[in-house]
Structure formats: C-alpha cells, structure tokens
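Where a number appears in this text, it was derived from the coordinates with a stated rule and is not lab data. Computed from a prediction, not measured in an experiment: that's the story for all the values here. Neighbour counts are summed over all protein chains in view; Cβ atoms, including those assigned to glycine, are modelled from backbone coordinates with ideal geometry.
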C-alpha cells in the first residue's frame, strides 16, 4: 500500500511539473505598444496555457480587444486606472489586440507557441551550450561543452510554434545548421536529450 501511494505521489508531482504555466503582466495606458520599454511593451511570446494580465495605470479609460483575424477572441470593458483584465491563451497562433478608443497609441501582439517551447528543463545543459552567431543569416552553429551530441536532437520552430526543421540524433556539431531558406524573423531552437531539453531563441536576418 505504501509503495502504491509513493508511486501515485510521484506521478502527481510529475504531472504538476509538466503542467506548469506562466503569467505575464503588461502595463496598459497611453503609449503601451511594441516600441515601449519594460512592462509597457505590449508584445509577448508565451506558451499554450499561459495567462496575460493587463494592468491599467495613469489616466484615461481603456479596454483590451482582440483584432479581427486573431487566433483567439477576447475583450474587456472600458475601465479606469487600477483595473485589470486577464486572459488565458490556449491555442497556438498570433493575437493582435488594441485599446479600441486609442488604437493608434495602445496596441500589441500576443504570440502563442506550443507548451514547452520556451521552458528550460535542465540548467546544466544551458550552461554548456551556445548557439551562434545570433542574429544569423544563412547558417548557425551549436557548440557543446562536455555533452555527447549523439544523444541530442534539434527541432526549430518559427514564432507561431510551427516546426520548420528537424535534426535527428547524431548530427555533426562541426557543421553549421543551414537556415538559408528561412524567412527573416524570430525562431526557437529546441535541443532535446534523453532526460532534458532547453530552448534557445535565435533571430534570422
């Protein structure tokens, strides 16, 4: 009985760990758009199941409304300073949104990628791995220190979470990874091992 309870507890812990989600905050007022800095920068890349919270501050009444064509539809009422609005995203895709009364000043995009794309599951792996050059143009390298590359595989996703390239185990680390046919933009390089993985961002110019 004790052994059964222990196995059940371990399974529950594993499920909870894998289901971990994140919350992202955006300061929401005049000038909250992709050109702003800090939490007023209204662009975010998140994973499926993550939540975004918009926090009203400064002056004016504002709302958060998804644009036509967004992957998910969401909207808040017009509210004043001190108000909040939260939404949990569950589908991979892009979600443009605005404050409808101030669309020229307050707008952004929430990009949702598959669960696990942004997570780092093994910190020792991260410390011993480098992706360069970054930004890259036609090719880039992955450098390992003290890791058997034959145990690793590479998957590259675009900003929408779509799989663009798969490199199976046993690849040659002395050879560059060809991305000459990639469009300009942000990509995610997921390096997977037997029991660990991590994701690196890379910009293709």
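Quick notes
- Separation of the residue 78 and residue 183 label points, Cα + 7 Å toward Cβ, nm: 3.7
- Residue order, fewest to most beta carbons within 10 Å, for 76, 37: 37, 76
- Tensor-based shape of segment 21-113 (alpha-carbon gyration tensor, a/c under 1.5 rounded, otherwise prolate or oblate): prolate
- Rounded to 5, percent antiparallel among DSSP beta bridges of segment 21-113: 60
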